[in-house]
Amino acid sequence: MKALVLRKHGSLDDLEVVTDYPMPKAVEGHVVIRVGASSFNYHDVFTVKGMPGITVPFPVIIGLDMAGEITEIGAGVSNWKAGDRVLVNPVNKKKGLMGEMLDGGMAQYCLVAADQLVKMPDGVSFEDAASLPVAYGTAHRMLITHNTIKKGDKVLILGASGGVGTGCVILAKLLGAEVIACASSDEKLKALKDMGADEVVDYTKTDWSKWAVEKYGKPQRRTYDGGVDVVINFTGGRSEEHTSELQSLAYLVCRLLLEKK
């Protein structure tokens, strides 16, 4: 089958589109899916370059996020059948992340543990579904798994225009919070407003912390009055250095998908 394979750490030039990668076979507790779409993340770039403390078993097919259709069922799998359209949770409970510790979604077919499957609603495309797991799954864990927000909270979200950020905006609104979304351009701020944000702040022009104090008052240590209730910050260090690499990766993925047709 066709696949995007990494055989050693290095640069994106070390990724290879192959046509003869072994087809996965269903084993106990697993299914094989025909991949309908696979998105990519910064994590895929990190996997290519190598990360301290993480030993990747080579060769490996990259791609954390994927959605597709079940083609084969392994022994012991119930409640699923061939033809079911599924989204894949990229976390394998025994081995780790798809596309890193075991083959991921940038191939025609993928072996997936049955407990990683999520049924796709009718009308949702594979492309839309494959955009969700890492970014929106992160937002879901931050806000809902950890019970971070309650109704009426004032929630300020930094980097709100990215994948995790938009997930946080949507979920926070669904939880009944007042959402302040911070981004870096008028276009992004408008999109966040259209998405439901109550307030938007351009952090390139305005000090968001001073803005929050002026808007909601200075936080009081004893009474807990003033300020916002929750600040969401998932933006690590510098990331602009990875932009060209992501563009190159996008080219490789597009080429792979075009060759599949």
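The values are calculated or read from the model by the stated rules, or taken from the named source; none is laboratory data. Please read these numbers as outputs of a predicted model, since none were measured by experiment. A quick note on method: Cβ atoms are made from the backbone with ideal geometry, for glycine too, and the neighbour counts reach across all protein chains shown. Protein only, heavy atoms only, side chains kept; ligands, DNA and RNA dropped before computing areas. Shrake-Rupley method; radii C 1.70, N 1.55, O 1.52, S 1.80 Å.
Just a few scattered comments:
- Residue match in the range 56-67 (condition: within 19 Å of Glu28 (Cα to Cα) and touching a His at 6+ places or on another chain (Cβ under 9 Å)): no
- Only residues that are open to solvent by 10 Å² or more (accessible area, probe 1.4 Å), touching a Gly at 6+ places or on another chain (Cβ under 8 Å) and either modelled with pLDDT under 95 or within 15 Å of Met106 (Cα to Cα) (or both) were counted across the range 51-67, and they come to 0.
- Of the criteria (1) touching a strand residue (DSSP E or B) at 6+ places or on another chain (Cβ under 9 Å); (2) open to solvent by 80 Å² or more (accessible area, probe 1.4 Å), which one Leu189 fails: (2)
- In the range 128-165, residue surrounded by the most Cβ atoms within 10 Å (Cβ to Cβ) [restricted to those that are part of a strand (DSSP E or B) and not charged (D, E, K, R)]: Ile157
- Every residue from the range 1-46 that is under 22 Å from Leu132 (Cα atoms) and at pLDDT below 95: Ser39, Phe40, Asn41, Tyr42, His43, Asp44, Val45, Phe46
- Subset tally (residues that are open to solvent by 40 Å² or more (accessible area, probe 1.4 Å), assigned to a helix (DSSP H, G or I) and closer than 19 Å to Asp44 by Cβ) for the range 97-127: 2
- The criterion of at least 3 residues that are touching a residue at least 24 places away in the same chain (Cβ under 8 Å) and either over 16 Å from Asn92 (Cβ atoms) or polar (S, T, N, Q) (or both) is met by the following strands (runs of 3 or more DSSP E) wholly inside the range 1-81: 3-6, 30-37, 67-73.
- Within the range 76-96, the residues that satisfy the criterion of being open to solvent by 50 Å² or more (accessible area, probe 1.4 Å) and at positive phi are Gly76, Asn79.
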